[in-house]
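Structure first, then comments.
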Amino acid sequence: SNSADGSISEISLHDEIGGWGVSAKDFVAQLKTVTSKNLRVTIDSPGGDVNDGLTIFDAIHSFRTAGGNVSIEVIGLAASMASVIMLAGNVVKIAENGRVMIHRVTGGVYGNADDLEAGAKLVKQMEDRIIAIYQAKTGKEESGIRDLMKADLGTWYFGQEAVDNGFADEVMKGVSAKAFKPAWAAMFTMLPAALLKDF
């Protein structure tokens, strides 16, 4: 959507990333309708396809390179590939109860030994590229990011934790994330502190 006075445009990324949700083709088509140099992208997504995600990342970055100013707002979940896309903006804002999750790239290949080896190489290439994007934003060491991505079911950050760890720039004030300790907490090796607060 574009504001009536032309001061700001907004694109919402509130679905899975890829052909079954928001495809790169659809996102780029929406980006072409933007009439302002100021763009707000709101994110509430569980992630999805790496190829589509990197194309969306590059499209946002190209908008910035052309003189645009992009504010990314995580209003719910920015998990997996969505946690990469959110880093394409000039500034990343996150709600107090917003969540960021990072994990290793996953995929599948069917075929002979050569096919499997080629598939593993491709997954590694994609993971290396994503790690470089995380590094550029957070300033963390490569080995540290790899460890975070290897955690069982990923590493999660709530609002302020995302800022403290360099994945976001500021918290959008609102209702604080507060939850009881869930029964499934033992499944995770790295949980956001906000999940462990008692009412």
* Return, for the Cα atoms of region 73-126, the radius of gyration and Dmax in Å, separated by a comma. => 15.7, 48
* Under a cut-off of 15 Å between alpha-carbon atoms, report the aspartates and glutamates in cross-link reach of Lys173, not counting same-chain residues fewer than 8 places apart. => Glu73, Glu96, Glu161
* Structure fact -> Set Lys32/Lys140; Lys32/Lys121; Lys37/Lys137; Lys25/Lys140, cut-off 27 Å on Cα-Cα distance; pairs above it are Lys32/Lys140; Lys32/Lys121; Lys25/Lys140
* **Per residue solvent-accessible surface (Å²) - region 82-147, probe of 1.4 Å** => 53
* Structure fact -> Quick note, region 1-73: a/c under 1.5 would make it rounded; otherwise a/b > b/c is prolate and the rest oblate (a ≥ b ≥ c, C-alpha gyration tensor); here it is prolate
* Counting only protein heavy atoms, what percent of the accessible surface of the chain is carbon or sulfur at a 1.4 Å probe? -> 52
* Just from its helices, what would the mean residue ellipticity at 222 nm be for the chain, if runs of 4 or more DSSP H residues each count -39500 (n - 2.57) and the sum is divided by every residue, rounded to the nearest 500 deg cm²/dmol? -> -11000 deg cm²/dmol
* Rounded to a whole number of µm²/s, how large is the Stokes-Einstein D of region 40-116 at 20 °C and 1.002 mPa s, given Rh as the Kirkwood radius over C-alpha pairs? -> 159
* Structure fact -> Rounded to the nearest 5, the percent of antiparallel DSSP beta bridges in region 61-157 equals 30
* Which number do you get for Rg(Cα) / (2.2 N^0.38 Å) in the chain? -> 1.06
* Asked: How many percent of DSSP beta bridges within the chain run antiparallel, rounded to 5?
  -> 15
* To do: Starting from the Cα of Lys150, draw a straight line to each of the aspartates and glutamates and keep only those under 18 Å, dropping any in the same chain fewer than 8 residues away.
  => Glu127, Asp128, Glu141, Glu142
* Work out the length of the dipole vector of the chain about its Cα centre, built from +1 on the beta-carbon of each Lys and Arg and -1 on the beta-carbon of each Asp and Glu, and round it to the nearest 20 debye. => 340
* Asked: Considering only DSSP beta bridges with both partners in region 1-117, what is the antiparallel share in %, to the nearest 5?
  -> 5
* Using modelled amide H (1.01 Å from N, peptide plane; none on Pro or chain starts), what sits under 5 Å from the amide H of Ile102, excluding residues fewer than 5 places away? -> Ser80, Thr155
* **Among Ile11, Val22, Asn38 - extreme Cα towards positive end, dipole of region 8-88, charges at beta-carbon** => Asn38
* Structure fact -> Output ordering of 109-116, 91-98 (per-residue mean of other Cβ within 10 Å, highest first) is 91-98, 109-116
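The values are calculated or read from the model by the stated rules, or taken from the named source; none is laboratory data. None of these values were measured; they are calculated from a predicted model. Using ideal geometry, Cβ is built from the backbone for each residue, glycine included, and neighbour counts are taken over all protein chains shown. These accessible areas exclude ligands, DNA and RNA; they are computed on the full protein's heavy atoms, side chains included. Shrake-Rupley method; radii C 1.70, N 1.55, O 1.52, S 1.80 Å.
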